[in-house]
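Q: Dropping a structure here in structure tokens format, bear with me for questions.
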Amino acid sequence: WAAPWTDPRVLQCDVSEDDQIGRVYDTIAQQWGKLDFVTHSIAYAPRAALEGKLLDTARHDFLLAHDISVYSFIAITRGAVPLMTDGGSVLTLTYLGSERAVPGYNVMGVCKAALEACVRYLAAELGERNIRVNALSPGPIKTLAARGIPGFSRMLEIVKERAPMKRSTAAEEVGKAAVFLLSDLASAITGEILYVDCGYHIM
């Protein structure tokens, strides 16, 4: 995905390892000296935690899902703050399953609820540094991660039936909303969850 960029810098980072996160930011500091924004777009839950019932979620699966999907947002933001010397913007991705029980989403819905709480708390803590923290909540989109959600194809059909715009969200539309929140065009917006779902969440 980095191929079209001019002189891209692709760095490996396992977000469950603080040392790897630290090395990424050390490399950024050495090459550029500062950072304007960070996008956190990662989530994971073992398949067993997405299938069946939330009640049956194993402790290890629950903790792993929260480590990768939620705590990593805090860890990545913490590493970015010292490099945001002129302020900055931090963005993560969530989903409506954070506030509604979506069949097949299970433990990931619980993770997204925690992630959204982190957005608010981090926004409150970092505002005086002129660092904004927000989240995008897109509708279901065909991605590699989405393939792991049971009944995903049916979710897409339901959105097309019920959303006011009678269609699902395109990946490009999420990208445009991200550019807005990361840019100075959104200079007074922080702690927000912006829905990019063709209006499905209001129905």
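The values are calculated or read from the model by the stated rules, or taken from the named source; none is laboratory data. Not measured: the values here are computed from a predicted model. Neighbour counts are summed over all protein chains in view; Cβ atoms, including those assigned to glycine, are modelled from backbone coordinates with ideal geometry. Keep in mind that these areas ignore ligands, DNA and RNA; they rest on the heavy atoms of the full protein, side chains included. Shrake-Rupley method; radii C 1.70, N 1.55, O 1.52, S 1.80 Å.
Q: Can you pull out the residues in segment 11-42 that are free of Cβ contacts under 8 Å to residues at least 60 places away in the same chain and open to solvent by 100 Å² or more (accessible area, probe 1.4 Å)?
A: Selection gives Q12, D19, R23, Q30, W32.
Q: Another question, then. Which one is most open to solvent (accessible area, probe 1.4 Å), of the residues in segment 129-148 that are modelled with pLDDT of 90 or more and out of contact with any Gly (no Cβ under 6 Å at 6 or more places or on another chain)?
A: R129
Q: Could I ask something else about it? Among (1) open to solvent by less than 50 Å² (accessible area, probe 1.4 Å); (2) not in a strand (DSSP E or B), which single condition is L91 missing?
A: Result: L91 fails condition (2) only.
Q: Of the residues in segment 94-123, how many are out of contact with any strand residue (DSSP E or B) (no Cβ under 7 Å at 6 or more places or on another chain) and either assigned to a helix (DSSP H, G or I) or among the hydrophobic types (A, V, I, L, M, F, W, C) (or both)?
A: Of segment 94-123, the ones out of contact with any strand residue (DSSP E or B) (no Cβ under 7 Å at 6 or more places or on another chain) are 97-114, 117-118, 120-121.
Still in the list and also either assigned to a helix (DSSP H, G or I) or among the hydrophobic types (A, V, I, L, M, F, W, C) (or both): 97-98, 101-102, 106-114, 117-118, 120-121.
Counting residues in segment 94-123 that are out of contact with any strand residue (DSSP E or B) (no Cβ under 7 Å at 6 or more places or on another chain) and either assigned to a helix (DSSP H, G or I) or among the hydrophobic types (A, V, I, L, M, F, W, C) (or both) gives 17.
Q: Within segment 149-174, work out how many residues are loosely packed, with under 12 Cβ neighbours inside 10 Å and within 26 Å of V38 (Cα to Cα).
A: Going through segment 149-174 one residue at a time, the tally reaches 2.
Q: Looking for whichever is assigned to a helix (DSSP H, G or I), open to solvent by less than 90 Å² (accessible area, probe 1.4 Å) and farther than 29 Å from N130 by Cβ here; the options are A45, A80, A65. Which one fits?
A: The conditions single out A65.
Q: Are any residues in segment 161-194 of a type in the set (S, T, Y) and in contact (Cβ under 8 Å) with a residue 60 or more places away in the chain, and if so, which ones? Walk me through how you get there before you give the answer.
A: Taking segment 161-194 first, the residues of a type in the set (S, T, Y) are 168-169, 183, 187, 190.
Residues satisfying the conditions are S183, T190.
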